[in-house]
Amino acid sequence: MKGIGASPGIAIGKAVVVEKKRPRLTGVTLQSEAEVKREVLRFEQAVTSAVAEVEAVMDTLVAHDGPTEVLEIQIELLQDEQIITDVVEKITSEHVTATDAVMEVIAAAVTTLHNLDDAYLRERAADVEEAGNRILMELDPTLKPSELIVSENTILIGEDITPMDILSVDIAKVIGLVTRTGGKTSHAAIVAKARGIPAVVGCGDALASVRGGDVVIVDGSEGMLVVNPTTEILNEYTAKKKAFTTQASALNALKDIVAVTTDGVRVKLMANISNAADLEASFAFGAEGSGLLRTELLFMGRNTLPTEEEQFEFYKNVALQAGGKPVVVRTLDIGGDKPLPYLHLPAEQNPFLGYRAIRICLDRKDIFITQLRAILRASVFGDLKIMFPMISNVSEIEQAKAILEDVKTALRSASTPYNAAIEVGIMIEIPSAAVMADLLAREVDFFSIGTNDLCQYTLAVDRMNEQVKHLYDPFNPGVLRLIQNVIEQGNKFHHHTGMCGEMAGDVTATLLLLGMGLREFSMSAASIPYVKDLILNTSITAAQEICRTVMAMRSTPEIIQYLQAVTKR
Amino acid sequence: MITHDYLITAAEGLHARPATNLIRLAKKYKSATSLKKGEKTVKLNSMLNILSLALKGGDTVTLIVEGEDETEAAAAIETFFKEELKNL
């Protein structure tokens, strides 16, 4: 069976089929104006939640530097004024439920597009359908996929594998993904790449013949799928798999080697993660812990805030999985562009400059305290560190630390154990913080440079905006000067200064950052071997020379060209 | 009211991505904007509407703008059709 190879490699395992529940018409007639109003409101809320969920996915995509176009189209369709007007009109004039109205309007739209004599537009019908399904799932949460039982060596097979599906399975046991629909930028493809497992997408209707329990070979490099193979074919692919693994392991051979420069300077390479399973995968790439644990996933895909116990279990699992290696836990970084529907945050003109991250936490202390309590309680199970995002001044650090102290006091008086010496750090992602790194360094134990936001704020560029995103440029000499200042000030105060933005995993930047004095890099796990390879083959003296040369350069193209040349050497 | 005909020069027509940009552009103005191809007229506020016109390279489409800032809106959309659509 042929599909599109979305993530390379070969996996041989047992099929588990993800069943999608089909929405059904309710057939209910609304009896009063009040009911009509309620249904319209429910519909509007469903649209908002659906948009928020897509934006959340988009956010992880941006973090992995993936293309966001498909998801932007989803957002546009979810907010499509014609669809919204038609649905509201149907509810009010025909007195049908929101579910029925959405189903009918989407079905009509899909039919219209299907009937057009244009392959491209027929594909877009699938986009419209997906947007409709997202809204329907928000209206009726029972349509959301139920929990799947997976055993070792599972190949997940489905219509599409959505973020919701991933949240509901033990992803560590999944060794391959196959979908009927979707392309290289579908959710399944993104997830597979992030986890380094093979995936084949867009297999079409032929996939319906695969049954749960079938033996399946996924060849993500060639975009091939073989179901219940003969012994001969099985042997052939086992050999292919071995060859692929050998090739991949040339870099993996570096896994257990520590990153030390030729003149003996030790560098720490860590992984950015979202949960305990990611941590396990990152160790396979040689991560020495995590420089960034995002905690947003805990808060997403649900209707209420997670309780202290739920959060405690989550952090505890991460701490235990880390086996004594450090994990930097970033407190809730949400709001503005990535809202939580149940927090009812107002829409904003400038979400990136708005009510988000630490600003919400210092305001909604209940949320903040619950999270800090859970992290502190889990801190006895490993080396957890706490990091506050979006710090713009000293006062925010003081307030956050004061709350942390209160939480510690409360835990002490209840005789609840926690790590009293837990390190506290901040993200440096706002230009003011980067400029006054010398002042902030006195307040905390460590810095972590978030290059994505730092770059965006420094250059005044929204990189989701097509018209200006070409200006987004981490190698802009202004941005580089800010980064250099943070590293220098951090080192002056004997901090460990890390970097957890995309730049940390960009091999073009490695030697430069090393020369600036950076000794902790946190990145997507798959980049670690490449960065390590560079570090093992350079000296600090050479890196410092490279840094001096770059800092004297005036333009990005010049800098990048030079860095690429020295990196190759 | 301002109306203007445009010849779609991008070979693949008006795809979802440029359509997204066009809708966002049109939404910036107070004027009501629509597109007309043959007998069919749609409001320029919906991706679905634009897609359903099935505009292909070589098609001619009429832009209709009406409202207090119609001059500015028409000028901005003109730039979109004449310059940006080619670069998207």
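For the range A:247-274, residues that are farther than 15 Å from A:L536 by Cα and surrounded by fewer than 19 Cβ atoms within 10 Å (Cβ to Cβ) total 3.
Here A:F244 meets each of (1) surrounded by 11 or more Cβ atoms within 10 Å (Cβ to Cβ); (2) at pLDDT 90 or above with one exception, condition (2). Cβ separations smaller than 9 Å between residues 6+ apart or across chains give the following pairs from the range B:26-54 residues that are farther than 17 Å from A:I75 by Cβ and within 11 Å of another protein chain (Cβ to nearest Cβ) to residues that are assigned to a strand (DSSP E or B) and open to solvent by less than 10 Å² (accessible area, probe 1.4 Å): B:V42/B:L35; B:K43/B:L35; B:L44/B:L35; B:L44/B:L63; B:L44/B:V65; B:L53/B:L35; B:L53/B:V61. For the range A:545-560, the criterion of being polar (S, T, N, Q), open to solvent by 30 Å² or more (accessible area, probe 1.4 Å) and either touching a Phe, Trp or Tyr at 6+ places or on another chain (Cβ under 9 Å) or not assigned by TED's automatic domain parsing to the domain that holds A:D453 (or both) is satisfied by at least one residue.
Annotation: A:V17 fulfils all but one of (1) open to solvent by less than 30 Å² (accessible area, probe 1.4 Å); (2) in a strand (DSSP E or B); the unmet one is (1). Return the total of residues in the range A:47-66 being within 14 Å of chain B (Cβ to nearest Cβ) and modelled with pLDDT under 80. Looking only at that region, the number is 1. Being open to solvent by less than 40 Å² (accessible area, probe 1.4 Å) and assigned to a helix (DSSP H, G or I) is the filter here; which residues of the range A:343-364 pass it? Matches in the range A:343-364: A:L343, A:P351, A:I358, A:I360, A:C361, A:L362.
Close contacts from the range A:514-525, counting a first residue that is over 17 Å from A:Q544 (Cβ atoms) and a second that is in a loop (DSSP other than H, G, I, E, B) and open to solvent by less than 20 Å² (accessible area, probe 1.4 Å), with Cβ to Cβ under 6 Å and a gap of 6+ residues or different chains, come to A:S522/A:C500; A:A525/A:A287.
Here's the yes/no breakdown for (1) surrounded by fewer than 17 Cβ atoms within 10 Å (Cβ to Cβ); (2) part of a helix (DSSP H, G or I); (3) not β-branched (V, I, T):
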residue	(1), (2), (3)
A:E398	yes, yes, yes
A:K401	yes, yes, yes
A:L404	no, yes, yes
A:L411	no, yes, yes
A:S415	yes, no, yes
A:A420	yes, no, yes
A:I426	no, no, no
A:S432	yes, yes, yes
A:D438	yes, yes, yes
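The number of residues in the range A:483-510 that are buried (at least 23 other Cβ atoms within 10 Å of the Cβ) and either in a helix (DSSP H, G or I) or aliphatic (A, V, I, L, M) (or both) comes to 10. All of A:E94, A:E69, A:E81 fail the test of being open to solvent by 20 Å² or more (accessible area, probe 1.4 Å) and away from chain B (no Cβ under 11 Å), apart from A:E94.
Residues being more than 14 Å from every other protein chain (Cβ to nearest Cβ) and out of contact with any helix residue (DSSP H, G or I) (no Cβ under 7 Å at 6 or more places or on another chain): count how many of those fall in the range B:3-13. Result for the range B:3-13: 3.
In the condition set (1) touching a residue at least 12 places away in the same chain (Cβ under 8 Å); (2) closer than 22 Å to A:A125 by Cβ; (3) under 10 Å from the mean Cα position of the chain (by Cα), B:T20 is compliant with all but (3).
Give the residues of the range A:111-132 that are of a type in the set (A, V, I, L, M, F, W, C), more than 9 Å from chain B (Cβ to nearest Cβ) and surrounded by fewer than 19 Cβ atoms within 10 Å (Cβ to Cβ), sorted by residue number. Listed by number, the residues that qualify are A:A119, A:A126. Which of the residues belonging to the range A:454-469 are out of contact with any Pro (no Cβ under 8 Å at 6 or more places or on another chain) and either in a loop (DSSP other than H, G, I, E, B) or within 19 Å of A:M499 (Cα to Cα) (or both)? Scanning the range A:454-469 gives A:Q456, A:L459, A:A460, A:V461, A:D462, A:R463, A:M464, A:N465, A:E466, A:Q467, A:V468. Can you name every residue in the range A:97-110 that is more than 21 Å from A:P141 (Cα to Cα) and either buried (at least 16 other Cβ atoms within 10 Å of the Cβ) or at pLDDT below 90 (or both)? Passing the criteria: A:A109, A:V110.
Residue by residue, here is whether (1) farther than 13 Å from A:T451 by Cα; (2) not polar (S, T, N, Q) holds:
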{"residue": "A:F475", "(1), (2)": "no, yes"}
{"residue": "A:T508", "(1), (2)": "yes, no"}
{"residue": "A:E520", "(1), (2)": "yes, yes"}
{"residue": "A:M523", "(1), (2)": "no, yes"}
{"residue": "A:A543", "(1), (2)": "yes, yes"}
{"residue": "A:T549", "(1), (2)": "yes, no"}
{"residue": "A:R554", "(1), (2)": "yes, yes"}
{"residue": "A:P557", "(1), (2)": "yes, yes"}
{"residue": "A:A565", "(1), (2)": "yes, yes"}
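For first residues located in the range A:149-163 and more than 22 Å from A:S209 (Cβ to Cβ), partners that are at pLDDT 80 or above and open to solvent by 10 Å² or more (accessible area, probe 1.4 Å) and lie 6+ apart or on another chain with Cβ distances below 6 Å form the pairs A:E152/A:K173. For B:A16, the criteria (1) open to solvent by 10 Å² or more (accessible area, probe 1.4 Å); (2) within 12 Å of chain A (Cβ to nearest Cβ) hold in every case but one, which is (1). Among residues of the range A:554-569 that are under 12 Å from A:P474 (Cα atoms), those with a Cβ under 6 angstrom from a residue that is of a type in the set (D, E), sequence gap 6+ or separate chain, pair up as A:T556/A:D473.
The values are calculated or read from the model by the stated rules, or taken from the named source; none is laboratory data. Predicted model, so just to flag it, every value in this text is computed and none were measured. A quick note on method: Cβ atoms are made from the backbone with ideal geometry, for glycine too, and the neighbour counts reach across all protein chains shown. Quick note on the areas: whole protein, heavy atoms, side chains included, nothing else; ligands and nucleic acids left out. Shrake-Rupley method; radii C 1.70, N 1.55, O 1.52, S 1.80 Å.
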